[in-house]
Each structure stands twice: as structure tokens, then as C-alpha cells.
Amino acid sequence: MSNHLDFLLKQNRLWSQSVKEKDNEFFRDLAAQQTPKYFWIGCADSRVPANEILGLLPGEVFVHRNVANVVVHTDLNCLSVLQYAVDVLRVQHILVVGHYGCGGVNAAFQNTRLGLIDNWLRHVQDVRDKHRTRLMAIANPDRQLDRLCELNVLEQVLNLSETTIMHDAWARGQDVTVHGLIYGLEDGILHDLNMPVSTDNELLSYYEAAVDRLFTSAAWT
Ligand code: CO
């Protein structure tokens, strides 16, 4: 057991050293305060790490991750991170990031029984059922899953934009925008799903237009 920790601790020393070689004051400056501009809500999948994908250093992105990047209105964990990000850190951009080939979305899609997590993934099944007719009209199962991964992002952008935290922030004129993005495991590329939300006016029709685009044209260009 300790052998394995030794490996990780050694890796950590090497990383710390390499950062200090580029900027000797890096950790000292960062320890004083964090001022990230971005808040990332993504999947817990080990292949989708926020900082590495964005090419950002510690201190540049505030992060919350859970299985299938779901924003639930009763999830005090997610809401607390959101509230801190918006009210205290005053982030300017909130990135809801899904990914293609998501195991959580796939399990939800296929009704796979995995245990306790089925209850969490029920939220993704709600997304599937909401768009069932359009999803079932797609012949290729891989493309169905791609669309559900994208739909799940748009749904969470909607959920997030409907929280009291976002309503209050926009009511007081705070400049903060919610974005939906999707990440490709196969090429490491992040795509914008073109649903930036910076006000709660007409939110539902804005969401519906973004959903329509997923089914009528390429989701991203
Ligand atoms: Co995932």
C-alpha cells in the first residue's frame, strides 16, 4: 500500500518542482487568494479533468464534478459550490461540460442497473424521456447516445439557470454567463453547444431553440 502512495508523492514532488522552476513565487502567490474566472461543472469521469483540458493552472478554474454532470435543484453540494462561485468568487463564466461516451448517460439510456447510482441517473432518464420521440427517430444507437449526451448538457444549463442563485445574480446585474459544452474523449476537443445564458428572460424558449438545433443541424461547427 505505502509503495503506491510513495509513487504518487514522488510524482507530486516532481510536479511541484516543475511549476516552481517556471515561477518560483507561484504557490506563495496562489496561497494568498484564488480569483478564478471560470466555474466548471463536469462529469466525474477520470478522462475529463477540467484544468488539463482547458490548459489552465491551479487557481484558474473552480470545479464541481459528479456522475454525468447533473445539476439537481435539491443537491446542496452542487448548489453550495455554485453559490460560492457566483456570490463570493464572482466567476464570469460557468461551464457545464458533458462528454461523448459518458458511462452515466449510457447506463441511463440503456436502463442498466448499477445500484444506488440508478437513482441519481434517473435525472438523465428524465431528459431521455422528455425527448424520447426525437431520440427514437434516430436510427443509429451511437448517434442516439451522442444526442442524449448533448441534451443532458442543455438540460443542466437550464436547471442551473433556474436556480435562485442565478436568478439573484442576474437580478442584481451581475455579469455571469452559463455555457453548455461537450468534450470528445477520442480527440480531446471541447465544443460549444451554443447556448450561452446571461439572463433569465425567455429562458425556456431559448432552451427549446438550442434543443431544436441539435436535431436539425450539426450540434457544433
Ligand atoms: Co461521464
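Can you give the FRET efficiency for Q110 and D200, using 1/(1 + (r/R0)^6), R0 = 30 Å, r = Cβ-Cβ distance, to the nearest 0.05?
Details: r = 34 Å, r/R0 = 1.14.
The computed FRET efficiency comes out at 0.30.
Heavy-atom accessible area per residue, the chain, 1.4 Å probe: how many Å²? Can you show the working numbers first?
Values: 12100 Å² over 221 residues.
Solvent-accessible surface per residue comes out at 55 Å².
Take H131, H93, H4, H73 and sort them by solvent-accessible surface of the protein heavy atoms, 1.4 Å probe, largest at the top.
H4, H73, H93, H131
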TODO: Would you mind computing, in nm to one decimal, how far apart the modelled labels at V19 and S80 are, each placed 7 Å from Cα along Cα→Cβ?
DONE: 2.4
- [ ] Read phi for every residue in region 104-111 and hand back ³J(HN,Hα) as whole Hz from Karplus 6.51 cos²θ - 1.76 cosθ + 1.60, θ = phi - 60°, with x for Gly and Pro.
- [x] x, 5, 5, 4, 5, 4, 8, 6
Open item on the list: I'd like the distance separating the alpha-carbon centroids of region 117-134 and region 1-25, in whole Å.
Closed with: 42
Task: Counting all C-alpha pairs of the chain, share separated by more than 27 Å (%) - done: 38
TODO: For an R0 of 25 angstrom, estimate the FRET efficiency from the Cβ-Cβ distance between S46 and D142 and round to the nearest 0.05.
DONE: 0.70
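Given +1 on the Cβ of Lys and Arg, -1 on the Cβ of Asp and Glu, and no further charges, what dipole in debye does region 90-149 carry about its Cα centre, rounded to the nearest 20? Mind dumping the intermediate values first?
On the way: 9 positive and 5 negative charges, 34 e Å.
In debye, rounded to 20, region 90-149 gives about 160.
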Open item on the list: Place a point 7 Å from Cα of L185 in the direction of its Cβ. Which residues in region 123-150 have their backbone N less than 17 Å from it?
Closed with: 141-150
Task: In order through region 57-73: 3J(HN,Hα) via Karplus (6.51 cos²θ - 1.76 cosθ + 1.60), integer Hz, x for Gly, Pro - done: 8, x, x, 9, 9, 8, 10, 10, 10, 8, 5, 6, 6, 9, 10, 10, 5
TODO: Calculate how steeply helix 141-161 sits against the longest principal axis of the alpha-carbon atoms of the chain, using the helix alpha-carbon long axis, and give the answer as 0 to 90 degrees to the nearest 10.
DONE: 70
TODO: Would you mind checking which residues have amide H under 5 Å from N194's amide H? H placed 1.01 Å from N; only 5 or more apart, or other chain.
DONE: G180
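Dipole size in debye (nearest 20) for the chain around its Cα centre, Lys and Arg Cβ +1, Asp and Glu Cβ -1?
Using Cβ point charges on Lys, Arg, Asp and Glu, the chain gives about 400 debye.
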TODO: Rank-order 6-19, 152-165 by packing density, defined as the average count of other C-beta atoms within 10 Å over each peptide's residues, highest first.
DONE: 152-165, 6-19
TODO: Pull up all non-local amide H partners of I94: gap of 5 or more, or a different chain, and H-to-H distance under 5 Å with H placed in the peptide plane.
DONE: F39, T177, V178, H179
TODO: Excluding residues fewer than 8 places away in the same chain, name every one of the aspartates and glutamates whose C-alpha is closer than 17 Å to that of K10.
DONE: E21
Task: Amide proton proximity set for H99, modelled H, under 5 Å, gap of 5+ - done: Y183
- [ ] Could you go through region 204-216 in sequence order and give the Karplus-derived ³J(HN,Hα) for each residue, using 6.51 cos²θ - 1.76 cosθ + 1.60 with θ = phi - 60°, rounded to whole Hz, and x for Gly and Pro?
- [x] 5, 5, 5, 4, 5, 5, 5, 5, 4, 4, 4, 9, 10
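Which percent of the accessible area of region 34-220 is formed by carbon and sulfur heavy atoms (probe 1.4 angstrom)?
Of the solvent-accessible surface of region 34-220, carbon and sulfur hold 51 percent.
The values are calculated or read from the model by the stated rules, or taken from the named source; none is laboratory data. No experiment lies behind these values; they were computed from the predicted model shown. Glycine also receives a Cβ, built like all others from the backbone with ideal geometry; neighbour counts cover every protein chain displayed. Just so you know, the surface numbers come from the protein's heavy atoms only, side chains and all, with ligands and any DNA or RNA stripped out. Shrake-Rupley method; radii C 1.70, N 1.55, O 1.52, S 1.80 Å.
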